[in-house]
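The values are calculated or read from the model by the stated rules, or taken from the named source; none is laboratory data. Everything numeric here is computed off the predicted structure, so don't read it as measured data. Reconstructed Cβ throughout: ideal geometry from the backbone, glycine too, with neighbour counts over all protein chains shown. With ligands, DNA and RNA removed, areas are computed over all heavy atoms of the protein, side chains included. Shrake-Rupley method; radii C 1.70, N 1.55, O 1.52, S 1.80 Å.
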Amino acid sequence: MSTLARQYILGLREAVKGAGAKTEDSPIRAHTASDTSLVSIQPGAERVVPEAAFNRVTRQREIQVMVHTSGRDHLEACEYLFELIHPVIMGYTEDSIIQVDELRTVEPKYADGDLTRQVVAKIYLITYQTEDDSLSH
């Protein structure tokens, strides 16, 4: 059994693959890979969970979608990938999901001294419900 947040991450990875993007589960492997464009999706912070009503609680979990690009056209590759996967993420549905929101985009981080490898993260927020005493139901 895994938490709903974990199931959503796995589902988002598959949905992004289905849209035509290459994915890597580990941001470290994505950062060092020879591929010029990869997407890594990781869990982020969980927001404050309000008191439960009727044994259900509404949870909010940040999801970090990182686009790793390299080469001479890394900026264009990054924009292309976000344009490809953003509608997939915003339209993602699963049991218990109430809503998906885009929160912000983090400024690019560069790895190579010549600025040819970068990572850009968009932060999304998934709002969903569980039983008050469970992370998986």
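Results, tabulated for the structure shown:
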item: Most to least packed among 18-31, 120-133 [average Cβ atoms within 10 Å]; result: 120-133, 18-31
item: In Hz, Karplus ³J(HN,Hα) per residue of the stretch 35-40 (6.51, -1.76, 1.60; θ = phi - 60°; x = Gly, Pro); result: 4, 8, 8, 9, 10, 10
item: 1.4 Å probe accessible area per residue over the chain, in Å²; result: 56 Å²
item: Per-residue [θ]222 nm for the chain (sum of -39500 (n - 2.57) over DSSP H runs n ≥ 4, rounded to 500); result: -8500 deg cm²/dmol
item: Backbone N within the stretch 16-59 under 20 Å of label point (7 Å from GLU83 Cα along the Cβ vector); result: 16-23, 36-40
item: Rounded tilt (10° steps) of 74-90 against the dominant C-alpha axis of the chain; result: 20 degrees
item: Carbon/sulfur fraction of accessible area - the stretch 1-122, other protein chains in place, 1.4 Å, %; result: 50 percent
item: For Cα Rg over 2.2 N^0.38 Å, calculated from these coordinates, the label among [x] 1.13; [y] 0.96; [z] 1.18; result: [x]
item: Under 5 Å, built H, 5+ apart or other chain: amide partners of TYR92; result: none
item: GNM top mover of SER37, SER96, SER70 - the chain, alpha-carbon springs below 10 Å; result: SER96
item: Sum of side-chain charges, LYS122 neighbourhood, beta-carbon under 9 Å (Lys, Arg +1; Asp, Glu -1); result: 0
item: Principal-axis tilt of helix 4-18 within the chain, Cα atoms, nearest 10 degrees; result: 40 degrees
